[in-house]
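Chemist: First, the structure itself, so that you have it in front of you.
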Amino acid sequence: MERLSTGLRINHAADDPAGLAMATTMSAKLRSGNQALRNINDGISVTSIADGAMQETGNLLIRMRELTIQSMTGTLSTDDRNDVQTELTSIQSEIDAIAKGTQFNGQNLLDQSNQYIAIQTGTDPTDTVDIKLKGTRIRDLGAGVTTTFSGGIHATAILTGSTDGKVSIGGELLNPVGDGGSTTFANGSARALADSVTALKLRNLTATATSGSFSLGSADADRTYNPVSKQWTVHPVTVNPGDFVINGHDISFNWDSTMGTSLTSVVMDAINNSNSGVTATYNGGIVLQSSNPNSGYNIQIQAGGASSQSLFSAFNLKQPQDLTVIGSIDVSSERALEVVGG
């Protein structure tokens, strides 16, 4: 009766154990295959939605081209050109809205937040097809701009006064103020400049700051040669407080050749333990960089004093020096902007 009611020859393991095992395997493959088919249909839906949005974007771009050609004729008045520009600006906003609003199951498709969507097309792990998505925002289509303002190494003496009004972006003057972290030229640091760009509050304009770095070169101790014994004598090195200062923190230490560690290691340890906000690493020489590379703060180096003479080959401590290492900022906008000055 059970076979008649279900239409199945095998209803329990006792009916046919081997047959049930084969039937279960076939059922699993069939259901997995059906799910893979549904996945493929979802992938087709993703491409269809993206295709529809891109077609509309294409229509808007054609209209922008039409307006651009219209504006090139000399018969238009100033008011006419302003009207054309108003429509162009509106179209740009609409293209961005389409890119940011095109979704499938809550996933954005055209704003570059999902560049690849993997579709499982079969039951094996390798049965996948990647849908590669590219952004269609204005900045992705070529109207955006990214530029870098590089800093460098400057003598403090030339960094006097204010940079207010020296640079403008999109017709707006930058007004950098002290960054609250640099010990010198705080209103000219990468952090201060990036904050002043952000303060402009221009639409879709962003700025990120990166701290600079500086190589001190190799740390070398003085040596003298004894022609009688034909041996070199490596002299001890003592750097007293005030001889070498980073961001207002003394870098002082003692070293001699009997310590069992290199002079370079001692210098790096002194810098890294100074709480100066600077990290020392070795790359063919001692390289200084901010402990937080994304802070954008300046690195101030003050050096001088007889006890530190000839310590470094590239960075000469024989004369008092005061250097400021300035980082750089990356400025990015979805629309082209004019940068003037600086």
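Chemist: How many angstrom lie between the Cα centre of the stretch 270-287 and the Cα centre of the stretch 58-116?
Modeler: Rounded to whole Å, the Cα centres lie 50 Å apart.
Chemist: Tabulate in residue order the Karplus-calculated ³J(HN,Hα) for the stretch 297-302, using 6.51 cos²θ - 1.76 cosθ + 1.60 with θ = phi - 60°, rounded to whole Hz; enter x for Gly and Pro.
Modeler: 6, 6, 10, 9, 10, 10
Chemist: Counting only Cα, what are the radius of gyration and maximum Cα-Cα distance Dmax of the stretch 201-275, in Å?
Modeler: 19.7, 76
Chemist: Let a ≥ b ≥ c be the square roots of the eigenvalues of the Cα gyration tensor of the stretch 179-240; is it rounded (a/c under 1.5), or, if not, prolate (a/b larger than b/c) or oblate?
Modeler: On the way: a/c = 8.81, a/b = 4.20, b/c = 2.10.
Prolate, because a/c is 1.5 or more and a/b exceeds b/c.
Chemist: Distance in nm between label sites at ASN59 and LYS100, each 7 Å beyond Cα in the beta-carbon direction?
Modeler: About 2.2 nm, to one decimal.
Chemist: Classify the stretch 162-301: rounded, prolate or oblate, from the alpha-carbon gyration tensor (a ≥ b ≥ c, eigenvalue square roots; a/c under 1.5 rounded; otherwise prolate if a/b is larger than b/c)? If you can, show how the numbers build up before the last one.
Modeler: Numbers: a/c = 3.42, a/b = 3.30, b/c = 1.04.
Because a/c hits 1.5 or more and a/b exceeds b/c, the stretch 162-301 counts as prolate.
Chemist: Which semi-axis lengths, in whole Å and largest first, follow from the square roots of five times the eigenvalues of the Cα gyration tensor of the stretch 32-106?
Modeler: Numbers: eigenvalues 333, 25, 3 Å².
Largest first, the stretch 32-106 gives 41, 11, 4 Å.
Chemist: Now for a separate question. Mind listing the Cα extents of the stretch 69-142 along all three principal axes, in Å, largest one first?
Modeler: 65, 21, 14
Chemist: ³J(HN,Hα) across the stretch 92-98 via Karplus (A = 6.51, B = -1.76, C = 1.60, θ = phi - 60°), whole Hz, x for Gly/Pro?
Modeler: So the J values, rounded to whole Hz, are 4, 5, 5, 4, 4, 5, 5.
Chemist: For the full complex of protein chains and a 1.4 angstrom probe, list THR126, THR233 by accessible area with the highest value first. Don't skip to the end; give the middle numbers.
Modeler: Values: THR126 115, THR233 70 Å².
Accessible-area ranking of THR126, THR233, largest first: THR126, THR233.
The values are calculated or read from the model by the stated rules, or taken from the named source; none is laboratory data. All figures in this text were calculated on a predicted structure; none of them were measured in a lab. Virtual Cβ from ideal backbone geometry, glycine too; neighbours counted across all protein chains shown. These accessible areas exclude ligands, DNA and RNA; they are computed on the full protein's heavy atoms, side chains included. Shrake-Rupley method; radii C 1.70, N 1.55, O 1.52, S 1.80 Å.
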